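Peer 1: So that we are looking at the same thing, I have put the structure below in structure tokens.
Values quoted throughout were computed directly from the atomic coordinates according to the rules given, and no laboratory measurement underlies them. Keep in mind that what you see is a predicted model, and the values were worked out from it rather than measured. Note: ideal-geometry Cβ built from the backbone for every residue, glycine included; neighbour counts use all protein chains shown.
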Amino acid sequence: MTDRRPTDGNPTLAVRHRPFALDLTRPLGTARGEIRSREGFVVTAGGEGDESAAVGVGEATPLPGWTESYEACAAALDGLSEGTGDGPVGDALDDGATPAARHGVSLALADAAARRSGERLADRLAAGAGVDASVADAVPVNATVGDGEPTETADEAARAVDEGFDCLKLKVGARDVGADVERVRAVREAVGGAVSLRLDANGAWDREAARRALDALAAFDLAYVEQPLPADDLDGLAALRGAERGSGVPVAVDESVAARGIGAVLDADAADAVVLKPMALGGPDRALAAALRARSAGVDPVVTTTVDAVVARAAAVHVAAAVPEVSPCGLATGSLLDEDLAPDPCPVAAGRATVPSGPGLAGGAFDELRRS
């Protein structure tokens with residue numbers, strides 16, 4: 001536990017965390033390997049002796065490759081209880097080394113503040129970022145389709161369309177380019193031309209393979225290919241994007257944002273779209289700031305999760321809602337988990353996720369987590 005007395009005169013601030021582990025319903029195949037479970041921490045923040053209405057809840061769920069390790073996240077949260085100076089609680093986590101830990105603490109603090117003021121988190125985030133537009137009550141979302149054989153992938157994609165999704169994200173890169181082309185072909189034939197298709201290679205290709213892949217995939221009218229090259233290869237991404245600008249295959253980046261920062265990605269002209277994970281960027285505030293910066297540069301922001309539990313997913317929905325005219329986001333990931341920390345306050349129907357209407361993250365939906 002961390003106790004800190006803020007300079008605004010509020011009561012002594014207590015930040016606590018406890019671990020959790022959740023299995024996926026089935027392994028999610030990616031070019032970086034399978035994700036089988038998610039382990040992280042529920043974080044709470046509030047004044048000593050406060051009622052639950054003044055306590056905020058957050059989530060720190062690291063995913064190596066995008067964030068720090070579980071052990072580093074745990075150490076950062078444990079370190080708060082050892083005392084880190086007289087500044088705000090989050091100051092100790094602001095060096096960028098432990099974004100998942102910062103996400104958990106900053107979200108808990110933001111939830112507490114929004115609950116005290118009676119505001120939805122999305123409205124508070126938008127106001128703080130100077131967004132001059134109304135905040136949405138629901139956001140469009142894509143379905144995520146894993147790395148299966150062509151028939152399996154096509155069947156999964158068709159089921160998602162039957163459930164009301166009109167935007168699908170397919171994992172590629174774990175197989176050779178020819179095999180992935182056949183999988184995409186099968187999906188396009190199964191869902192028709194009206195459904196938007198995105199591919200995510202997770203940095204699996206080198207420059208030669210990426211160029212061959214985009215050449216072969218151009219026929220399938222893709223919305224974009226995400227992270228076709230490793231995260232650090234901004235020059236390669238910019239060159240690939242320039243070479244393919246007229247082919248109908250835009251380039252998106254994900255890991256590059258976490259590895260190099262949104263500024264470097266934009267300065268390199270390396271992306272048509274940026275995929276922003278609040279967990280990997282260090283909190284909802286940073287994710288919204290990155291989204292608005294990208295939009296101002298003419299790059300499309302897409303908010304997604306790292307297959308998080310329900311608290312972080314709800315926060316990502318709030319972030320997406322604060323982005324004006326946001327594109328379909330990768331927030332429909334709750335069904336990937338075999339169980340969750342609490343009932344989902346952001347149900348997905350007809351390809352849209354509802355933004356909770358209560359104060360903070362979700363009104364009283366997470367009160368049991370705040371008390372535990």
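Peer 1: Using the Karplus curve 6.51 cos²θ - 1.76 cosθ + 1.60 with θ = phi - 60°, what ³J(HN,Hα) values do you get for each residue of the stretch 14-21, in whole Hz, with x for Gly and Pro?
Peer 2: After applying 6.51 cos²θ - 1.76 cosθ + 1.60, I find 10, 10, 10, 8, 9, x, 8, 9 Hz.
Peer 1: Now, a different point. Rounded to a whole number of µm²/s, how large is the Stokes-Einstein D of the stretch 88-168 at 10 °C and 1.306 mPa s, given Rh as the Kirkwood radius over C-alpha pairs?
Peer 2: 97
Peer 1: Tell me which residues come under 5 Å, amide H to amide H, from Ala353 once H is placed; ignore anything under 5 positions away on its chain.
Peer 2: HN-HN under 5 Å from Ala353: Val139, Val141.
Peer 1: Shifting gears a bit: Cα-based Rg of the chain per 2.2 N^0.38 Å, rounded to two decimals?
Peer 2: So the chain has a normalised radius of gyration of 0.97.
Peer 1: Shifting gears a bit: Would you mind checking which residues have amide H under 5 Å from Lys169's amide H? H placed 1.01 Å from N; only 5 or more apart, or other chain.
Peer 2: The answer is Ala143, Thr144, Val145, Arg198.
Peer 1: Can you give the calculated 222 nm mean residue ellipticity of the chain, where each DSSP H run of n ≥ 4 adds -39,500 (n - 2.57) and the sum is split over every residue, rounded to the nearest 500 deg cm²/dmol?
Peer 2: -11000 deg cm²/dmol
Peer 1: Against the longest alpha carbon principal axis of the chain, how many degrees, from 0 to 90 and to the nearest 10, is the axis of helix 207-217 turned?
Peer 2: Once rounded, the angle reads 70 degrees.
Peer 1: If you don't mind, there's one more thing I want to ask. Which of Cys167, Cys73, Cys329 comes first, and how do the rest follow, when ranked by fewest Cβ neighbours within 10 Å?
Peer 2: Ranked by crowding around the Cβ, least crowded first: Cys167, Cys329, Cys73.
Peer 1: Roughly what percent of Cα-Cα pairs across the stretch 113-209 reach past 23 Å?
Peer 2: Counting every Cα pair in the stretch 113-209, those more than 23 Å apart make up 45 percent.
Peer 1: Please identify the longest segment of the chain free of exposed GluC sites (Glu not before Pro), where exposed means a DSSP state other than H, G, I, E or B and no more than 15 other Cβ atoms within 10 Å.
Peer 2: 164-324
Peer 1: Also, I was wondering about something else. Which percent of the Cα-Cα distances in the stretch 157-279 go past 20 Å?
Peer 2: Cα-Cα pairs of the stretch 157-279 separated by over 20 Å account for 40 percent.
Peer 1: Here's a follow-up. Against the empirical 2.2 N^0.38 Å scaling, what ratio does the C-alpha Rg of the stretch 284-345 come to?
Peer 2: 1.17
Peer 1: Any chance you could list P(r) for the stretch 249-305, counting all Cα-Cα pairs in 5 angstrom bins from zero, rounded to whole %?
Peer 2: Spelled out bin by bin, the stretch 249-305 gives 4, 23, 39, 25, 8, 1, 0 percent.
Peer 1: Over all alpha-carbon pairs in the stretch 224-334, figure out the percentage whose distance exceeds 19 Å.
Peer 2: When all Cα pairs of the stretch 224-334 are counted, 39 percent exceed 19 Å.
Peer 1: With everything on Cα atoms, drop me the angle between helix 284-296 and the longest principal axis of the chain, reported from 0 to 90° to the nearest 10.
Peer 2: With both axes taken from Cα atoms, the answer is about 40 degrees.
Peer 1: Sticking with this structure for a sec: Can you give the charge dipole size of the chain about its Cα centre, rounded to the nearest 20 debye, using +1 on the beta carbon of Lys and Arg and -1 on the beta carbon of Asp and Glu?
Peer 2: Using Cβ point charges on Lys, Arg, Asp and Glu, the chain gives about 380 debye.
Peer 1: Here's a follow-up. Could you tell me how many degrees, from 0 to 90 and to the nearest 10, lie between the Cα long axis of helix 234-244 and the main elongation axis, the longest principal axis, of the Cα atoms of the chain?
Peer 2: That works out to roughly 40 degrees.
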